[in-house]
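Colleague: Next up is a structure, given as structure tokens.
Throughout, read-outs are computed from the coordinates displayed, never taken from laboratory work. Just so it is clear, the structure is predicted and the values come from calculations on it, not from any experiment. With ideal geometry, Cβ positions are generated from the backbone for all residues, glycine too; neighbour counts draw on all protein chains shown.
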Amino acid sequence: MSAEITPERIEKVYQRLDREAKEAAYNLNPDKSFTLGLVEGLLVNEGRYGYWACPCRLADGVREKDLDIICPCDYRDPDLDEYGACFCALYVSDDVRDGKQELTPVPERRPPGGPTAQAEEPEHDEELVGFTRSGMPVWRCKVCGYLCARPQPPLKCPICKVDKDRFERFA
Amino acid sequence: MVESRGSIPGAHQKHLVKFYGLSTCIWCRKTRQFLEDESVAFDFVYVDLLESDERESVKDEIRKWNPRVSFPTVVIDDAQCVIGFKADELKQVLGL
Ligand code: SF4
């Protein structure tokens, strides 16, 4: 059984997320009780699935099928751009944080059932996959777009902290 | 522990209101709170708490109204659907 979800634990995770968000120029929703509720949802899902499935989406329970909705999800940045908030409004833009823009409901951007339910993406031709001149492969974080050239992707994205399996080969 | 299904009594019983939500979702919590505050009678289902067979059949039910099967989804009189926490739209549809 996973660790109990206490107010202290929620607060600690909140503090860490807040610090990491600020370091990478993102903002958590300043409505703290709202945000704590979402952190609680993330911890419930951690206990249930073993990873931080988005609290406002129905997870499948199989990590590979849920990869795109592990928080921060692949849709956070496009939604921040278009609506000033991610689907759950855990993350908000500067304007929403500062009250210059109203927080409105964000429509679901994820394709029904997630990307793995869709027709397989055509495989890139090997020629299209990038290498540096010295022969290093280039990796792209699907969440924040961070690029790096190294033999494998990093264990965690240094910008948005997502795990290695959220990286793709950059073409 | 949150129950996976149930009915909430209310003064407004004119409409058949079905609320589909997730137990971890704050927008679902707000939507449910709104319905309770407005004293709307409704049935609720938390889809994340259902066993897999039942979950699939409820997802099919939701898909008819909301192909993306996102939450919260509120279906009114098996005729109309409100997706997301939209208090104004709910007020209008429910005649509050
Ligand atoms: S970034 Fe927002 S929408 Fe995406 S998983 Fe996290 S809480 Fe959910």
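Colleague: Give me the dipole magnitude in Debye, nearest 20, for the protein assembly as shown about the Cα centre, with unit charges on the beta carbon: positive for Lys and Arg, negative for Asp and Glu.
Modeller: Dipole magnitude for the protein assembly as shown comes out near 560 debye.
Colleague: Something else now. No other cysteine beta carbon under 4.7 Å away is the test; run it over chain B and list who passes.
Modeller: So, B:CYS81.
Colleague: If you don't mind, another one. Net charge near B:VAL93, counting Lys/Arg +1 and Asp/Glu -1 over other residues with Cβ under 14 Å of its Cβ?
Modeller: Once all neighbours under 14 Å are counted, the net charge is -1.
Colleague: Further, regarding this structure: Just for the protein assembly as shown, what percent of DSSP beta bridges are antiparallel, to the closest 5?
Modeller: Of the beta bridges lying entirely in the protein assembly as shown, close to 85 percent run antiparallel.
Colleague: Toward the positive end of the charge dipole of chain A, about the Cα centre and with charges on Cβ (Lys, Arg +1; Asp, Glu -1), which of A:LEU36, A:THR104, A:PRO158 goes farthest?
Modeller: A:PRO158
Colleague: Continuing with this model, one more query. Please compute the modelled spin-label separation between A:GLN101 and B:VAL2, points set 7 Å along Cα→Cβ, answer in nm with one decimal.
Modeller: With each label placed 7 Å out from Cα toward Cβ, I get 2.8 nm.
Colleague: Reachable lysines from A:LYS22, Cα under 24 Å, same-chain residues fewer than 8 places away excluded?
Modeller: A:LYS12, A:LYS32, A:LYS100, A:LYS142, A:LYS156, A:LYS161, A:LYS164
Colleague: Of all beta bridges DSSP finds with both residues in chain B, what is the antiparallel percent, to the nearest 5?
Modeller: Around 70 percent antiparallel, to the nearest 5.
Colleague: Also: Obtain the nm distance between the two label points defined at A:GLU82 and A:GLN15 by a simple spin-label model: each point lies 7 Å from its Cα along the Cα-to-C-beta direction.
Modeller: Taking the two extended label points, one gets 3.7 nm.
Colleague: Still on this structure, I have one more. How about B:LYS64: which aspartates and glutamates have a C-alpha closer than 20 Å to its C-alpha, ignoring those fewer than 8 places off in the same chain?
Modeller: List returned: A:ASP60, A:GLU108, B:ASP43, B:ASP48, B:ASP53, B:GLU54, B:GLU56, B:ASP77, B:ASP78, B:GLU89.
Colleague: Report the relative contact order of chain A, percent, no decimals, based on alpha-carbon pairs under 8 angstrom and at least 6 residues apart. Show your work: numbers first, answer last.
Modeller: Values: 228 pairs, mean separation 27.9, N = 171.
Worked out over chain A, it gives 16 percent.
Colleague: Given R₀ = 25 Å, FRET efficiency for A:ASP165-B:ASP60 by Cβ-Cβ distance, to 0.05?
Modeller: The calculated FRET efficiency here is 0.25.
Colleague: Suppose R0 equals 30 Å. What FRET efficiency, 1/(1 + (r/R0)^6) with r the Cβ-Cβ distance, do B:GLU36 and A:ASP94 give to the nearest 0.05?
Modeller: With a Förster radius of 30 Å, E is 0.30.
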